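Visitor: Next up is a structure, given as structure tokens.
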Amino acid sequence: MTSHLMPPLALTLVDIGRILSLAVIAGGLLWLFLRAIKRKEVERRVIFLFIFVSVVAPILFPTVFQEKATPIVKDVFDKIESLPPGSVVLLSYDFDPAMAPEVQPMADAISRHCLVRGLKIIYMCLFATGQGQFTSTLENVIKPEFPDKVNLVDYVNIGYKAGNEGVLNVIITDFKKMFPTDVDGVPYDSIAVFKGIRSCKDLDLVISIGGGKPGIKEWILFVGDPGNVPIASGVAAVVAPLMYPYYPAQMLGMLGGIKGAAEYESELVHHYPQFKNSPTPALLMMGPQTLAHLVIMAFIVIGNILYLLERKKGRKR
Amino acid sequence: MKKTTLIIMAGVTVLFLLSWIIKALALEGMQEDYIKKAFLVTFSAFLTLSILSFLYRDNPFYKFAEHLFVGVSAAFWMSMGFWSTIVGNLIPRLSQNLSVFFKVHYIPGDFNFRFYIPVILGLLLLMRLSRNYGWISRWSLAFIVGTTAGLNFIRYLRSDFIKQISATFVPLLVDWQGTGHFFSNLDLSASGQLVMMLANWTIFLGVMSGIIYFFFSKEHTGMFGRASRFGIWVLMITFGASFGYTVMGRISLLVGRITFLFRDWLGFNI
Amino acid sequence: MKRNVPLAITFIVGAVLIFSVFIPPMENWGEDFTLFFDIIAVFAFFLGGGNLLRVHLTKLSRRKQDWPYSIVTIMGFLLMLAAGLFRIGNPGDINASLTEQGSLFQTIYDSVFVPLGSTMYALLAFFVASASYRAFRAKNREATILLVAAFIILLGRTPLGTIVTGWVPESFSILQIPNLAIWIMNSPNLAGQRAIMIGIGLGVVSMSLRLILGIERTYLGGDDK
């Protein structure tokens with residue numbers, strides 16, 4: 001009601017912040033451009049300051065964009081949708097804190113999706129740090145949003161084992177040999193999630209969330225291809241382009257970088273409106289991401305103008 | 001130590017204490033252990049800013065944070081490895097008494113003594129720290145190298161060679177939605193027949209020419225040279241795409257840290 | 001002893017792991033050998049920790065440049081070791097998870113390891129930006145192709161792409177930047193990455209064979225005795 005009564009030009013504090021920050025960045029880029037025309041270099045710290053401002057401004061004055069899932073992301077979402085309740089999905093946390101801002105939102109969104117669909121989840125990790133990162137999902141997603149889900153029955157955390165691909169080479173034929181217990185020492189045979197699961201070949205889906213070695217590549221080479229196990233992934237942007245040759249024959253889908261995570265969050269909220277109020281960190285991050293991309297593109301253009309002017313000057317000489 | 005350095009250090013200490021107090025006051029009544037939690041958030045912020053201070057120039061705060069990271073991460077991996085794999089996989093197969101001590105389920109077996117092999121090889125690996133007997137660690141290294149080579153040989157051959165070659169032989173004329181028409185939907189729609197055909201041509205020719213570019217046993221002249229040149233262009237697009245994704249990734253990590261500073265430390269409602 | 005024994009070990013282990021793929025009764029051997037490998041990997045972590053301690057203690061005792069920071073490394077190492085290896089500050093039983101919320105180990109992980117690890121990589125955002133301004137130049141045809149591809153991806157992977165080219169009609173939708181970005185990833189990027197992957201794959205296969213057959217011996221070091 002109030003919004004109808006408000007004049008059309010009424011601006012909130014956030015709007016003013018957005019406009020001011022955009023003006024500051026645009027002004028700064030103009031200054032950089034003018035310096036480039038005069039063939040003057042700038043100190044690298046100025047460039048750093050630009051990036052800092054272009055990331056901070058949209059965090060303080062957020063703009064949330066709606067994302068539409070691209071086919072490669074939709075394939076992962078649809079695969080989880082197609083699994084009947086009670087299917088077992090393995091979610092491997094193959095990442096460390098350095099990759100977490102990009103891939104933790106993926107792990108959380110996929111966990112939400114699996115749990116709301118009534119799928120059982122086996123959590124494990126090929127990075128020792130993955131176990132600590134799972135604690136974040138447990139405390140921020142599973143416990144508060146799914147209080148009815150029971151450890152060992154609906155999900156289990158079997159944690160980390162050293163040995164990278166060596167771990168996978170064992171669990172492709174025998175889970176229990178590598179993971180005799182879960183992280184709390186509960187024996188394999190007492191864990192309800194593992195009922196009917198002897199090896200990775202019995203799983204309905206494996207999703208590796210990561211971005212380094214060991215990660216999705218090892219899962220494809222040591223589990224997906226030899227065991228004919230459906231594999232999907234959520235990877236840091238640095239690794240995403242490298243994984244395209246596996247798609248779709250060896251890897252059914254992939255969430256690449258924060259954009260992939262945002263698309264997945266958007267798809268999840270679209271299909272399950274109950275998650276409308278759940279945190280969507282990846283969607284929030286697309287604001288700063290967009291502005292920073294724009295600034296970097298401007299840097300490339302200005303840098304090239306500077307280069308062309310210098311080359312022209314060099315030719316004249 | 002220089003006087004300026006001392007003044008800066010004192011200033012940072014005062015700021016740290018001030019931030020701790022303000023954070024504790026903000027958390028009071030909202031959380032248990034608010035003094036401890038305020039300290040931990042402030043300390044995390046201090047470490048974050050210490051690393052970011054490298055952007056100005058190398059300095060004692062950055063060095064402190066960097067050295068702390070090295071020490072903590074080494075011990076982190078050791079601890080995780082010990083409790084997950086030594087206690088989780090080795091002890092239950094080696095000793096009933098130790099299994100009872102560590103409260104893990106003993107796994108009986110007739111040939112469990114074979115698990116002394118990795119223990120011996122592991123101990124030999126530690127001999128690398130010795131100046132005189134360091135050479136004996138080669139035995140363990142040989143085991144590691146042999147395992148890696150044996151594991152990789154088949155897997156890379158299957159997944160990264162045979163399957164990739166196989167996936168490259170794609171139809172160059174695309175049957176439109178299984179109707180038997182090869183030239184029916186030739187607009188520039190992203191999901192159209194022409195674009196799909198173009199994609200398949202690019203994949204086939206791109207992979208072939210890319211491989212030709214990496215083939216150094218023949219001089220890159222004539223037709224072979226032209227194919228190699230096309231290969232370079234395809235690789236340049238690949239590297240461009242990788243660059244774009246790298247930018248995206250690095251910015252995301254920065255957004256993550258800045259969000260921590262503004263939301264968790266400074267208390268902005270983001 | 002110094003040369004022949006390691007060569008024999010590499011050959012036997014490598015051969016067993018290859019044959020275990022083809023001969024199902026040998027599968028168990030393959031599993032055992034990889035489990036041994038996993039256990040030895042932990043000893044390698046201990047070797048890393050021991051080496052770190054040795055280097056920093058030496059630096060400290062010889063008062064080398066920046067020696068006070070070695071105290072920080074050693075203190076951090078010992079503190080995390082106390083919390084992790086000796087489970088000090090872990091409220092659970094000896095078999096409880098180390099990473100349980102509230103344990104000292106998880107607290108140090110959250111408050112020290114996470115901020116340090118993630119900020120180290122976050123720094124790279126600034127250097128990537130600086131490199132974009134200073135080094136990303138269209139000097140020749142190849143560099144220009146790279147630059148254009150990067151531009152399309154940078155635009156296409158944000159909502160900007162849709163804003164700029166969303167008006168392009170459906171029959172020309174490949175020209176919409178987000179679609180173009182997807183096409184680049186699925187076609188030329190895939191082709192280039194696959195060519196690289198096949199090259200690396202062949203390299204790994206041939207190197208593995210050379211190692212198993214004892215042709216490649218550089219990992220044994222220079223001492224031939």
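Nothing in this text is a laboratory measurement; each read-out follows from the coordinates by a stated rule. The shown structure was predicted, so the numbers you read here are calculated from the model rather than taken from an experiment. Neighbour counts are summed over all protein chains in view; Cβ atoms, including those assigned to glycine, are modelled from backbone coordinates with ideal geometry.
Visitor: Helix B:222-259 versus the longest principal axis of chain B: what is the Cα-based angle in degrees, 0 to 90, to the nearest 10?
Guide: Taking Cα atoms only, the helix is inclined about 30 degrees.
Visitor: For chain B, what is the charge dipole size about the Cα centre, in debye to the nearest 20, if Lys and Arg each add +1 at the Cβ and Asp and Glu each add -1 at the Cβ?
Guide: Rounded to the nearest 20 debye, it is 860 debye.
Visitor: Hey, another quick one. Based only on Cα atoms, what Rg/Rh ratio does region B:144-270 have, Rh being taken as Kirkwood's radius?
Guide: 1.17
Visitor: Turning to a different aspect of this structure: Once each part is reduced to its C-alpha centroid, what is the distance from region B:1-54 to region C:175-193 in angstrom?
Guide: If we compute the Cα centre of each part, the gap is 46 Å.
Visitor: Hey, another quick one. Take the alpha-carbon positions of the protein assembly as shown, form their convex hull, and give its projected area averaged over all directions (one quarter of the hull surface) in nm².
Guide: Mean orientational projected area (the protein assembly as shown, Cα hull): 41.9 nm².
Visitor: So how do A:239, B:145 line up by other beta-carbon neighbours within 10 Å, fewest first?
Guide: Final ranking by Cβ density, sparse to dense: B:145, A:239.
Visitor: Contact order normalised by length for region B:169-265, with contacts defined as Cα pairs under 8 Å and 6 or more residues apart; what percent is it?
Guide: Normalised by residue count, the contact order of region B:169-265 is 17 percent.
Visitor: Using a 10 angstrom cutoff on alpha carbons, build the Gaussian network for chain A and name the most mobile of A:38, A:276, A:217.
Guide: A:38
Visitor: Related question: How much of the calculated P(r) for region B:1-57 lies past 17 Å, in percent of all Cα pairs?
Guide: 47 percent
Visitor: When the Kirkwood hydrodynamic radius is evaluated over all pairs of different C-alpha atoms of region C:1-94, what value in angstrom, to one decimal, is obtained?
Guide: Taking the inverse mean of 1/r over all distinct Cα pairs, region C:1-94 comes out at 17.1 Å.
Visitor: For chain B, take the longest principal axis of its alpha carbons; what is the angle in degrees between that and the long axis of helix B:193-214, to the nearest 10 within 0 to 90?
Guide: 80 degrees
Visitor: To continue, here is another question. Counting partner chain Cβ atoms within 10 Å of every residue's Cβ in C:210-218, what's the average?
Guide: Mean inter-chain Cβ contacts per residue within 10 Å come to 2.
Visitor: Same structure again: Within region B:84-139, report the chymotrypsin sites (Phe, Trp or Tyr not before Pro) that DSSP leaves as loop and that have at most 10 other Cβ atoms within 10 Å.
Guide: Loop-located and lightly packed - B:111.
Visitor: While we're looking at this one, here's another question. Which lysines have a Cα less than 20 Å from the Cα of residue C:2, not counting those fewer than 8 places away in the same chain?
Guide: Residue C:2 reaches C:225.
Visitor: Starting from the 7 Å offset along Cα-to-Cβ, what nm value, one decimal, do you get for the label separation of residue A:152 and residue C:172?
Guide: 6.4 nm
Visitor: So, one more: Taking only C-alpha pairs under 8 Å that are 6+ residues apart, what is the relative contact order of chain C in percent?
Guide: Relative contact order, chain C: 19 percent.
Visitor: Just from its helices, what would the mean residue ellipticity at 222 nm be for the protein assembly as shown, if runs of 4 or more DSSP H residues each count -39500 (n - 2.57) and the sum is divided by every residue, rounded to the nearest 500 deg cm²/dmol?
Guide: -19500 deg cm²/dmol
Visitor: What's the long-distance tail for chain B, i.e. % of Cα pairs beyond 27 Å?
Guide: Summing the P(r) of chain B above 27 Å gives 71 percent of all pairs.
Visitor: Counting other beta carbons within 10 Å of each residue's own, what order do B:30, A:285 fall into, fewest first?
Guide: B:30, A:285
Visitor: Could you please report the charge total around residue C:66, scoring K, R as +1 and D, E as -1 over all other residues with beta-carbon less than 11 angstrom from its beta-carbon?
Guide: In short, +2.
Visitor: May I pose another question? Taking chain A as the reference, fit the longest principal axis to its C-alpha atoms, fit the long axis of helix A:44-60 to the helix C-alpha atoms, and give the angle between the two in degrees, 0 to 90, nearest 10.
Guide: Its long axis makes an angle of about 60 degrees.
Visitor: Along the positive direction of the dipole of region B:169-265 (beta-carbon charges: Lys, Arg +1; Asp, Glu -1; about the Cα centre), which of B:177, B:222, B:244 reaches farthest?
Guide: Highest projection toward the positive end goes to B:244.
Visitor: Which of A:54, A:93, A:124 sits closest to the plus end of the dipole of region A:30-138, meaning its Cα is farthest towards the positive end, when Lys and Arg get +1 and Asp and Glu get -1 on the C-beta?
Guide: A:54
Visitor: Around residue A:293, with a cut-off of 14 angstrom between Cβ atoms, what is the net charge of the other residues, counting Lys and Arg +1 and Asp and Glu -1?
Guide: With Lys, Arg at +1 and Asp, Glu at -1, the neighbours total +3.
Visitor: Once you treat every alpha carbon in chain C as an equal point and sum by Debye, what is log10 I(q)/I(0) at q = 0.08, 0.14, 0.15, 0.17 Å⁻¹?
Guide: Taken in order of the listed q values, log10 I(q)/I(0) reads -0.67, -1.14, -1.13, -1.15.
Visitor: Separate question: Please build a GNM for chain A, connecting alpha carbons under 10 Å apart, and tell me which residue among A:86, A:303, A:159 fluctuates the most.
Guide: A:303
Visitor: If you place +1 on the Cβ of every Lys and Arg, -1 on the Cβ of every Asp and Glu, and leave all else neutral, what size is the dipole of region B:1-57 about its Cα centre, to the nearest 20 Debye?
Guide: Rounded to the nearest 20 debye, it is 400 debye.
Visitor: Please figure out what share of the DSSP beta bridges in the protein assembly as shown is antiparallel and state it in percent, rounded to the nearest 5.
Guide: 5 percent
Visitor: Can you run the Rg to Rh ratio on region C:71-186? Use alpha carbon positions and the Kirkwood inverse-distance Rh.
Guide: Ratio of gyration radius to Kirkwood radius: 1.29.
Visitor: For the pair residue C:78 and residue C:62, how long in nm is the line joining their label points, each one 7 Å along Cα→Cβ?
Guide: Spacing of the two 7 Å Cα→Cβ label points: 2.2 nm.
Visitor: Right, another one. How high is the relative contact order of chain A, in percent, counting Cα pairs under 8 Å that sit 6 or more residues apart?
Guide: 24 percent
Visitor: Which three lengths, in whole Å and largest first, does region C:57-125 cover when its Cα atoms are put on their principal axes?
Guide: Ordered largest first, region C:57-125 gives principal extents of 43, 36, 12 Å.
Visitor: Still on this structure: Per the Cauchy relation, a quarter of the hull surface: what is the mean projected area of the convex hull of the alpha carbons in chain A, in nm²?
Guide: 21.6 nm²
Visitor: If you don't mind, another one. In the structure shown, do any of A:176/B:103; B:3/B:63; A:68/A:161; A:161/C:59; A:149/A:213 have a Cα-Cα gap over 26 Å, and if so which?
Guide: Result: A:68/A:161; A:161/C:59; A:149/A:213 exceed 26 Å.
Visitor: Largest first and in whole Å, what are the equivalent-ellipsoid semi-axes of region A:169-246 based on the Cα gyration tensor, each being the root of 5 times an eigenvalue?
Guide: Equivalent ellipsoid of region A:169-246: 26, 14, 10 Å, largest first.
Visitor: Let me ask you something else. Which value, in debye to the nearest 20, describes the size of the charge dipole of chain A about its Cα centre when Lys and Arg Cβ atoms bear +1, Asp and Glu Cβ atoms bear -1, and nothing else is charged?
Guide: Dipole of chain A, to the nearest 20 debye: 1980 debye.
Visitor: Moving on to the next point. Cβ under 15 Å from residue B:162's Cβ, residue B:162 left aside: what net charge do those residues give with Lys, Arg +1 and Asp, Glu -1?
Guide: +2
Visitor: Hey, another quick one. Provide the three semi-axes, in whole Å and in decreasing order, of the ellipsoid equivalent to region B:51-136 as defined by the square roots of 5 times the Cα gyration tensor eigenvalues.
Guide: 39, 19, 8
Visitor: What Kirkwood hydrodynamic radius do you get for region A:195-293 when you take the inverse of the mean 1/r over all pairs of distinct Cα atoms, in Å?
Guide: 14.8 Å
Visitor: Gaussian network model of chain A, Cα springs within a sub-10 Å range: biggest mean-square fluctuation belongs to which of A:106, A:251, A:297?
Guide: A:297
Visitor: Which is farthest toward the positive dipole end of region B:1-57 among B:21, B:56, B:10, measuring Cα position about the Cα centre, with Cβ charges +1 (Lys, Arg) and -1 (Asp, Glu)?
Guide: In region B:1-57, that residue is B:56.
Visitor: Ok, one more. Check cross-link reach from residue B:23 to the aspartates and glutamates: straight Cα distance under 13 Å, and skip same-chain residues fewer than eight apart.
Guide: B:33, B:264
Visitor: Give the order of B:143, C:127 when sorted by the count of other beta carbons within 10 angstrom, beginning with the fewest.
Guide: Fewest-to-most Cβ neighbours within 10 Å comes out as C:127, B:143.
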